[in-house]
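What follows is a set of notes on a single structure, which appears directly below.
Values in this text are rule-based calculations from the coordinates and carry no lab data. What you see is a predicted model; the values in this text were computed from it and never measured. Here Cβ is always computed from backbone atoms with ideal geometry, including for glycine, and neighbour counts include all displayed protein chains.
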Amino acid sequence: MDKTNLTVIEKIKQASQGLRGTIADGLLDDLTGAISEEDQALIKFHGMYQQDDRDRREERSAKKLERLYSFMIRLRLPGGLLTPEQWMAIHDIAGENTTGVIKITTRQTIQLHGLLKSKIKPTILAFSEARLDSIATCGDINRNVICAAHPGQSPLHAQVHAYAGKISELLMPKTRAYYEIWLDEEKIADKKQEEDPLYQDRYLPRKFKIAIAIPPNNDIDLFTNDIGLIAIVESGQLMGFNIAVGGGLSTTHGNPATYARLGSVIGFVAGETNLLKAVYEIVTIQRDYGNRTDRKLARLKYTVDKLGLEWFKKELESRMGFDLQSPRPYSFTDRKDYYGWKKNEQGNWFYTPFIENGRITDEAGHPLKSALLAIAQTGKCLFRFTGNQNLILADIKPEDKKELDLILEKFGILAHTAAASSIRKNAMACVAFNTCPLALAEAQRYLPSLLGKIEPILDKHGLRDQNIITRMTGCPNGCARPYAAEIGFVGTAYGHYNLHLGGDHQGTRLNRIYRENLDETAILTELDQLLGVFSQERNPSESFGDFSVRKGWV
Ligand code: SRM
Ligand code: SF4
């Protein structure tokens, strides 16, 4: 491991005394809504980001006021599941302590924005009372483990789903800092008790992401994760998992050393003990060999490419003490969410409402948040999040379906979902303005209106029913996975986007830049032309992404 020229963040982690820093003192300073820069880096490991309202920067600066600081908090929900009681708790917490909007993320969990410094402790206490926490949902550590969302896909779903929780537990940090700072747990005197053989004192070089998919659905975009686990089911039995390593999407405009990469399948493991050992040791390799001098090049994808896949596999086998088997055959067919009512093999029902960009709030004519509260109050379904910023109301008994259907009808959710176009139902946008400090352009506040202008173009070309996967981000970090979309918009400057084309429906191909730095007029002109050719020349059932590649547009 290179111990020279360590990044500032490396030094902050090392000096933090188990991620404590001076967070507890900073909370008491009511002269500012912010915390120190060092603590801003550490508080991420506790699931929070310090932000400010970017819409109000100028106004605040003109009045010589400090920025309007607040925090975003993200829940740890391996596999993305909440009980109705937990949903009600989140509903209340969001209303009392944050902006009120419940935001489903692209990684099967939820975020709340606008949390003032003074409200952090009560919020975490309320989470804890609901048996929830935000540990390690941000920072240089393993993040929320995601898992195929749709329970109707396979009778083995529950068995596979349990691995999300097991892996999350396996890779939790040992420090008690979270409990001490936020939940007033007594300080442990013997520091040996929280020694962390996995993370030691510098944690990982960078964030680390793990996903589990159950073919044929790849709704969690498995190959964009540092580790992707593909459940192999033969004759109705879970045989084990193929392991893919080195996925990751972020790039930096103007930095050719950065690139998006899909994970490479390196082998197969059978049995829980072996799987957990493999996951753990992949993390230790990244801990020991990941780049700690340049955070732009610190993700596992760069470690894998720097050292080579063969080297990586050998090193892993030597650390595990056993060899990987050859990968088993598998096939993904799609990544979409299945909207509306669906029944699984056990006869239980599921309902997926259309939720634009994962934002749950009450809007004029569309009281989604109230509807979901009324649903939760019945206690008759689970709340299961998807990697496409959606929610499945899950495990509804046949005798309860009518009651929930009536609530969905009363609040207009059935009609809203039925009315949404295919392109909208397959679209995602990241948060971007007004809270994301890294946003160069709008995303979730803009994509809905842009889609409103693309829909007539689709109608004109007879393409309204096409399931074209469209994703937009406000910067090249790629939080809505735009590089794996058929049409990807990546913000370059306010009102301007690179247009990417060529992703597939299975999530096994990255797209490429087709045109750079387009404004809205240029985007619509380009799409009108491209979709016109697509409608005339495509083969039956050919997707827009496949067609873009066949035509050589990218
Ligand atoms: Fe992300 C940073 C939002 C999924 C790649 N991401 C951020 C921050 C925290 C900005 C910051 O660092 O201050 C954004 C907060 C915005 C806000 O106001 O809420 C942010 N990322 C999101 C979410 C909420 C987007 C959404 O609308 O759903 C997603 C939360 C997922 C979760 O629950 O954990 C989110 N971020 C992703 C994904 C997609 C995924 O993981 O499947 C990616 C690309 C995949 C990958 O990691 O390669 C992603 N986010 C990044 C990066 C670039 C990381 C890198 O390798 O360089 C950053 C910037 C960073 O880490 O320095 C970032
Ligand atoms: Fe912010 Fe960029 Fe992520 Fe969008 S892609 S949420 S703008 S970091």
Pair list, Cβ < 6 Å and 6+ apart or interchain, from segment 51-70 residues that are closer than 18 Å to LEU440 by Cβ to residues that are within 16 Å of ligand 2 (Cβ to nearest atom) and not small (Gly, Ala, Ser): GLN51/MET72; GLN51/THR435; ASP53/ASN434; ARG54/PHE433; ARG54/ASN434; ASP55/ASN434
Cβ-Cβ under 7 Å pairs, at least 6 apart or on other chains, segment 204-228 side closer than 21 Å to GLY240 by Cβ, far side aromatic (Phe, Trp, Tyr) and not in a loop (DSSP other than H, G, I, E, B): ILE212/TYR163; ASP226/PHE208
Condition check for PHE322: in contact with a helix residue (DSSP H, G or I) (Cβ under 9 Å, 6 or more places away or on another chain), away from ligand 1 (no atom under 15 Å from the Cβ), in contact (Cβ under 8 Å) with a residue 40 or more places away in the chain and over 24 Å from TYR259 (Cα atoms): yes
Members of segment 85-107 found to be touching a residue at least 60 places away in the same chain (Cβ under 8 Å) and either within 16 Å of ligand 2 (Cβ to nearest atom) or surrounded by fewer than 19 Cβ atoms within 10 Å (Cβ to Cβ) (or both), listed by number: GLU85, MET88, GLY100, VAL101, LYS103, ILE104, THR105, THR106, ARG107
Residue in segment 426-438 that is buried (at least 20 other Cβ atoms within 10 Å of the Cβ) and more than 16 Å from ligand 2 (Cβ to nearest atom) present: yes
Within segment 403-436, tally of residues that are within 16 Å of ligand 1 (Cβ to nearest atom) and among the small types (Gly, Ala, Ser): 3
Members of segment 292-323 found to be surrounded by 19 or more Cβ atoms within 10 Å (Cβ to Cβ) and touching a strand residue (DSSP E or B) at 6+ places or on another chain (Cβ under 8 Å), listed by number: ARG299, LEU300, LYS301, VAL304, PHE312, LEU316
Residue tally, condition within 10 Å of GLU442 (Cα to Cα), buried (at least 24 other Cβ atoms within 10 Å of the Cβ) and near ligand 2 (Cβ under 7 Å from one of its atoms), over segment 466-493: 3
Any hit, segment 235-242, residues being more than 16 Å from ligand 2 (Cβ to nearest atom), assigned to a loop (DSSP other than H, G, I, E, B) and not basic (Lys, Arg): yes
Filter result (in a loop (DSSP other than H, G, I, E, B) and polar (S, T, N, Q)) within segment 326-368: SER326, SER331, THR333, ASN344, GLN346, ASN348, THR361
Selected residue (criterion: farthest from ligand 1 (Cβ to nearest atom)) from residues of segment 437-476 that are touching a Lys or Arg at 6+ places or on another chain (Cβ under 8 Å) and among the hydrophobic types (A, V, I, L, M, F, W, C): LEU458
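Sort out which residues of segment 76-119 are of a type outside the set (S, T, N, Q) and on the phi > 0 side of the Ramachandran plot, and write them in order of number.
Answer for segment 76-119, where residues must be of a type outside the set (S, T, N, Q) and on the phi > 0 side of the Ramachandran plot: GLY79, GLY80, GLY100, GLY114.
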Some residue of segment 118-135 being of a type in the set (Val, Ile, Thr), surrounded by 18 or more Cβ atoms within 10 Å (Cβ to Cβ), in contact (Cβ under 8 Å) with a residue 40 or more places away in the chain and in contact with a Lys or Arg (Cβ under 6 Å, 6 or more places away or on another chain): yes
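Mind counting the residues in segment 496-523 that are touching a residue at least 40 places away in the same chain (Cβ under 8 Å), β-branched (Val, Ile, Thr) and over 18 Å from ASP219 (Cβ atoms)?
2
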